[in-house]
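One structure is given here, and the rest of the page talks about it.
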Amino acid sequence: MRRKDFEIKFYESILKECPNFVNVLISLGDSYTRKGFYQEGLAVDRKLAELKPDDPFVHYNLACSLSLLDCPQEALKELKRAVLIGYEEFSYMLRDPDLEKVRELTEFKIFFSKLNKLRK
């Protein structure tokens with residue numbers, strides 16, 4: 001069994017016993033995404049957003065999952081939420097391949113322009 005397959009099985013087995021184990025959910029979501037299991041990753045990210053509604057990185061990852069599944073408008077909404085609650089790695093947003101579809105939106109360009117003005 002390949003490493004990622006093993007990791008996924010391992011994390012899933014832990015979650016059967018402790019379904020709200022946040023650190024395991026984060027690792028599982030990452031493993032799903034790296035394997036290209038975007039729907040599964042999205043489900044994990046949605047659960048994490050319920051468990052940690054004020055975590056900017058959780059909402060950033062949720063935005064990435066939505067973008068990968070061709071839901072850029074919903075992804076932008078989550079990205080805005082992530083920034084509102086503290087996400088500050090703005091330069092990474094511009095190069096993160098997961099957010100490619102979001103960056104194509106005119107609304108993203110306007111949003112990012114406003115962020116840049118606020119930081120000055």
Which ³J(HN,Hα) values, rounded to whole Hz and listed in residue order, are derived for the stretch 94-101 from phi using the Karplus coefficients 6.51, -1.76 and 1.60 in 6.51 cos²θ - 1.76 cosθ + 1.60 with θ = phi - 60°, glycine and proline given as x? 6, 10, 5, x, 5, 9, 3, 5
Under 17 Å from the 7 Å Cα→Cβ point of Ile110, by amide nitrogen: which residues of the stretch 76-91? 76-81
Per-residue ellipticity at 222 nm for the chain, helices alone: DSSP H runs ≥ 4 residues times -39500 (n - 2.57), over residue total, nearest 500 deg cm²/dmol? -23000 deg cm²/dmol
May I ask you to evaluate 6.51 cos²θ - 1.76 cosθ + 1.60, the Karplus curve with θ = phi - 60°, for each residue of the stretch 32-42 and list the ³J(HN,Hα) values in order in whole Hz, giving x for glycine and proline? 4, 5, 4, 7, x, 8, 5, 4, 5, x, 4
Taking the Cα centre of each part, how many Å lie between the stretch 48-120 and the stretch 1-44? 22 Å
Please give the per residue volume of the convex hull enclosing the alpha carbon atoms of the chain, rounded to a whole number of Å³. 94 Å³
Tell me the angle of helix 106-119 to the major Cα principal axis of the chain, expressed in degrees between 0 and 90 and rounded to the nearest ten. 80 degrees
Relative contact order for the stretch 3-119 using alpha-carbon pairs under 8 Å, separation at least 6, rounded to a whole percent? 17 percent
With Cα atoms, 0 to 90° folded angle of helix 72-84 axis to the chain main axis: 80 degrees
Pairs to check: Lys9/Lys80; Lys35/Lys114; Lys9/Lys109; Lys35/Lys77. Give those whose C-alpha atoms are more than 30 Å from each other in this structure. Lys9/Lys80; Lys35/Lys114; Lys9/Lys109
Under the rule rounded for a/c under 1.5, else prolate if a/b exceeds b/c, else oblate, using alpha carbon gyration tensor axes a ≥ b ≥ c, the stretch 54-120 is classed as oblate
Neighbourhood net charge (15 Å Cβ-Cβ; Lys/Arg +1, Asp/Glu -1) for Asn23: -4
Among 53-60, 109-116, how do they line up from the highest to the lowest mean number of other beta-carbon atoms within 10 Å? 53-60, 109-116
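No lab work stands behind these numbers, since they all come straight from the coordinates. Not measured: the values here are computed from a predicted model. Heads up, the Cβs are rebuilt from the backbone with ideal geometry, glycines too, and the neighbour counts pull from every protein chain shown.
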